[in-house]
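The values are calculated or read from the model by the stated rules, or taken from the named source; none is laboratory data. This one's a predicted model, so the numbers in the text were calculated from it and none came from an experiment. Only protein heavy atoms, including side chains, enter the accessible area calculation; ligands, DNA and RNA are left aside. Shrake-Rupley method; radii C 1.70, N 1.55, O 1.52, S 1.80 Å.
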Amino acid sequence: MSILVAVTDRAEGAAAVTAAIAEARLFDTDLVIVPLGIAASFDTAALDESGISYTVVARKGRGDRDPAEAVLDELEERSDVDRLVIGMRRRSRVGKMLIGSVSQRLLLDSPVPVLAVKD
């Protein structure tokens with residue numbers, strides 16, 4: 001069993017990592033990190049401090065491919081992933097009617113249960 005985490009370079013990405021670390025401890029499993037931000041690098045300090053085993057999927061930033069497709073492709077390739085963790089932004093009342101396109105696609109198209117956390 002593994003937990004896949006879609007990590008943006010915004011506050012909701014940090015919230016997703018924090019929630020994923022808690023889930024990994026709860027289920028005694030490792031993490032697979034898919035960075036979705038513009039930067040090709042990913043700050044692993046929180047993961048290193050947690051002591052949880054993790055793998056960061058190599059991406060070249062947004063230009064690599066559509067972020068939702070990158071996550072869905074990883075889910076398809078990794079049969080050991082049992083859960084997806086994503087971060088979502090807080091929204092106004094009007095904004096709550098609309099979910100971000102990446103979040104919406106992941107919630108609707110994920111073949112595994114999704115844990116969506118707010119920043």
Those residues of the stretch 1-22 which are assigned to a helix (DSSP H, G or I) and either under 12 Å from I86 (Cα atoms) or of a type in the set (S, T, N, Q) (or both), in sequence order: A11, E12, G13, A14, A15, A16, V17, T18, A19, A20
Subset of the stretch 23-45 [among the aliphatic types (A, V, I, L, M) and within 16 Å of I86 (Cα to Cα)]: A24, L31, V32, I33, V34, L36
The stretch 2-46: number of residues that are open to solvent by less than 20 Å² (accessible area, probe 1.4 Å) and of a type in the set (D, E, K, R): 1
